[in-house]
Amino acid sequence: MATQHSRSAARLMMAPAVVLLLGWMLVPLIMTVFFSFKKYLPLRGDKLSDGLEWVGFLNYERFISSGSFWPSVQTTLVIVVSVLVITVTLGILLALLLDQPMWGQGFVRILVIAPFFVMPTVSALVWKNMFMDPINGILAHLWMLFGAEPVLWLSQASVPSIILIVSWQWLPFATLILLTAIQSLDGEQLEASEMDGAPKLKRFWHIVLPHLSRAITIVILIQTIFILSIFAEIFVTTGGAFGTKTLTYLIFQRVLDSQNVGLGSAGGVYAIILANIVAIFLMRIVGKNLDN
Amino acid sequence: MARAVTNQRKATNTLFAWAIGLLIFFPILWTILTSFKTEAQAINDPPIFFFFDWTLENYAAVMERSDYAKFLWNSIIIAVGSTILGVIIAVPAAWSMAFVPSKRTKDILLWMLSTKMLPAVGVLYPIYLIFIQLGILDSRIGLVVVLMLINLPIIVWMLYTYFKEIPVDILEAARMDGASLRDEIVHVLTPMAIPGIASTVLLNIILAWNEAFWTLNLTAAKAAPLTAFIASYSSPEGLFFAKLSAASTMAIAPILIMGWFSQKQLVRGLTFGAVK
C-alpha cells in the first residue's frame, strides 16, 4: 500500500524524466509552429533578433501547392506500404519456418536478425555500390549471368531499390516479433486441431493467423512510424533524386539545403500531424495491453 | 500423443532455413569478404568468393585516410554516454511507476512513448538553432543529450516492464523491516533489477550507435561518429569497394556482436512489452 509519503517521493523521482521529455517535446515544437507562420530565410538576412515577418498560412499553402509536395507524399506512401507488405508477408513465412524443428536454429536466427544491427548509412552504401552498381555490382553480375541487361537500379528503378534496402533492414524486426508471437501459441490447441485432421492451410488461417493478429498490428504501427522518417537510406543513395524524395526528405531540403525555414517548418507541422495519426492507433493497442 | 518428427522433414526444414538465412545475411557476409580483397579482386568479373589473396591493406588504408579512431571514439562516447545518462534518469521514474502506480501512470507512460513518435525532421531547425545558440553544434555533449532524449522513452518503458515483474511482496517485507526508500532501491530492488537494466543498456547502445538522422545533421568535423564517417564514403570513394567494405565492417562489427548477445531481449524493448 502506497503511503502519502511514498507517493510524493514517487512523483519526485518521475520529475526529471517527465520535465526533460516535456521540454524536448514542447520547445522545438512551439518553435516549429512559430516559424511556420513566419517568413524566415536566414541566407537572405532574416534574423530572429530583428523579428520575423508574420505571413499567416502562406507557408502552409505554398508547401502544399508546390510541385514537389504531392509526389513526395506519394513516394512516402508507396515506400511505407510496400515495405510493410513485404516485411510482414515474408516475416510471417520466415517465422513459421524458423518455428519448425531443425538443426542449428539458433544460428539461423542470428543470420536472420543481423541486418537489423547494421547502421543505416552502411546498409545504404553497401547496397548502393556493391549490389546495385550497374557495372560491378553483384546484381549486375547476376543479371548478366542470365543474359539480361543490367539495371541502373538507383536511377531507373529508384523507388523499388529504396524499398528493397529498407525491407532488408526491417525484415529481421518483423520476423523476430512474429516468431516470438508464434512461439507463445498454445501447442495443445494446435495439436488438437491436428488430430481433428484439419489441413495445414486451414489451421494456419483459423488458429495461427488470429493469434498473430496483434503482433502483426504492432509490427505495422512501429514500422510505419520509423519508415515514415527514413533519412539516411535516401541521403546516401539518391540524395532525393529520381523520384525518391519522401516528405521527410523534402522538408530536410527546404530547411537545411535551401534554408527556407518558414516553408520547411510548415512541412514539418504536416509531417507531425501525419505521424500522430499513426501514433494514436499504436497508443491504443499499447494502452490496452497495459491494463492487463 | 507427441509425434516424432521425421528426420527427413527436419532435414528439409534445416536446408530451407539455412539457405534463406544465408541469403538474408549475404550482404553482410559479402561486405566482410570484400574487405579482405584487393581493389582489383573486389570488382573482379565474375565475383570471387573465397579464393582470393586475403589482405589487410584496406583496413590500414582506411585507418590512415580518415582518422578512424576519432570517429570510433565519438561513436562510443555518444552511444555509451547517452545510454548511461538515460538510465540514470529513467531508473527512478520507472521504479516509481512500477511500484507506486497512480491513476495517471498509464497516461504518463503513453505520453512518453508519444514523444518518440515526433518526426525528427519536424523539429530539425529549432534544434539546430538551439544548438548554435548554446554553442554545442558539432559537439559530443550535444549529441549525448539529444540521443538520450530520443531513447529515454524506450529506456523508461523497458525498465518499467522489467520492474513490473519484480514481486511486490519482497519490497513490502523490506519495508516492514524498516528499510527506507533509499535502502529499498539500493539493497533490494537494484540486485533484482540488474539483468533488466543490463539488457536495456545493451539495446540502447545499439540504437544510439546506429542513429543516423541527428548524428548526420548535427555534426561536422569534430563530433562526427561512425554513421557520418561511412556517409563520407558516399562518393566517389564508395567506388573503391574493398576500402568501403573495410570501413563498413569496422563500423558494424562491434554492434553486430553486441546485438547477437541481446537478441533475446530485443522483442520486449522494441514492442514496449506488447509482445511477449
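Assess whether A:PHE63 counts as being over 25 Å from B:VAL145 (Cβ atoms) and under 25 Å from the mean Cα position of the chain (by Cα).
Yes, satisfied.
In this structure, does A:SER167 turn out to be hydroxyl-bearing (Ser, Thr, Tyr) and either touching a Lys or Arg at 6+ places or on another chain (Cβ under 7 Å) or under 27 Å from B:ALA40 (Cβ atoms) (or both)?
For A:SER167, the condition - hydroxyl-bearing (Ser, Thr, Tyr) and either touching a Lys or Arg at 6+ places or on another chain (Cβ under 7 Å) or under 27 Å from B:ALA40 (Cβ atoms) (or both) - is not met.
Hey, among B:THR115, B:THR105, B:THR190, which residue is under 23 Å from A:PHE252 (Cα atoms), surrounded by fewer than 20 Cβ atoms within 10 Å (Cβ to Cβ) and modelled with pLDDT under 90?
Just one listed residue meets the conditions, B:THR115.
Please state which one of B:ILE141, B:ILE89 is facing chain A (nearest Cβ under 9 Å), over 15 Å from A:PRO28 (Cβ atoms) and among the aliphatic types (A, V, I, L, M).
B:ILE89
Are any residues in region A:4-33 more than 9 Å from chain B (Cβ to nearest Cβ) and without any contact (Cβ under 8 Å) to a residue 60 or more places away in the chain, and if so, which ones?
A:GLN4, A:SER8, A:VAL19, A:LEU26
Sort out which residues of region A:34-54 are within 30 Å of A:GLY243 (Cβ to Cβ) and hydrophobic (A, V, I, L, M, F, W, C), and write them in order of number.
A:PHE35, A:LEU41, A:LEU43
Give B:PRO195, B:PRO167 a once-over and let me know the one that is modelled with pLDDT of 80 or more, out of contact with any helix residue (DSSP H, G or I) (no Cβ under 7 Å at 6 or more places or on another chain) and within 24 Å of A:PRO16 (Cα to Cα).
Every option except B:PRO195 fails the conditions.
Do we find that B:ILE78 is buried (at least 19 other Cβ atoms within 10 Å of the Cβ), β-branched (Val, Ile, Thr) and under 29 Å from B:LEU181 (Cβ atoms) in this structure?
No.
In this structure, does B:ASN210 turn out to be buried (at least 21 other Cβ atoms within 10 Å of the Cβ), in contact (Cβ under 8 Å) with a residue 40 or more places away in the chain and more than 9 Å from chain A (Cβ to nearest Cβ)?
So B:ASN210 does not fit the description; no.
In the list B:LEU15, B:LEU22, B:LEU29, B:LEU72, which residue meets the criterion of being more than 11 Å from chain A (Cβ to nearest Cβ) and surrounded by 12 or more Cβ atoms within 10 Å (Cβ to Cβ)?
None of the other options fit; the residue is B:LEU72.
Those residues that are of a type in the set (A, V, I, L, M, F, W, C) and at the interface with chain B (Cβ under 7 Å from one of its Cβ atoms), I need them from region A:99-115; list them, please.
Selection gives A:MET102, A:TRP103, A:VAL108, A:ILE110, A:LEU111, A:VAL112, A:ILE113, A:ALA114.
Determine whether region A:136-150 contains at least one residue that is buried (at least 17 other Cβ atoms within 10 Å of the Cβ), in contact (Cβ under 8 Å) with a residue 40 or more places away in the chain and aliphatic (A, V, I, L, M).
no
Picking from A:VAL73, A:VAL78, A:VAL83, A:VAL88, which residue would you name as being β-branched (Val, Ile, Thr), crowded, with 23+ Cβ neighbours inside 10 Å and out of contact with any Lys or Arg (no Cβ under 9 Å at 6 or more places or on another chain)?
Criteria check complete, one pass: A:VAL83.
With the requirement that a residue be of a type in the set (D, E, K, R), in a helix (DSSP H, G or I) and more than 10 Å from every other protein chain (Cβ to nearest Cβ), what does region A:192-245 give you?
Correct list: A:LYS200, A:LYS202, A:ARG203.
Check B:VAL146 against each of (1) in a helix (DSSP H, G or I); (2) at positive phi and name the one condition it does not meet.
(2)
Exactly one condition in (1) at the interface with another protein chain (Cβ under 8 Å from one of its Cβ atoms); (2) crowded, with 16+ Cβ neighbours inside 10 Å is false for B:PRO46; which is it?
Failing condition for B:PRO46: (2).
The values are calculated or read from the model by the stated rules, or taken from the named source; none is laboratory data. Because the structure is a prediction, the values reported are computed rather than measured. Counting neighbours? That spans all protein chains shown, and the Cβs are built from the backbone with ideal geometry, glycine included.
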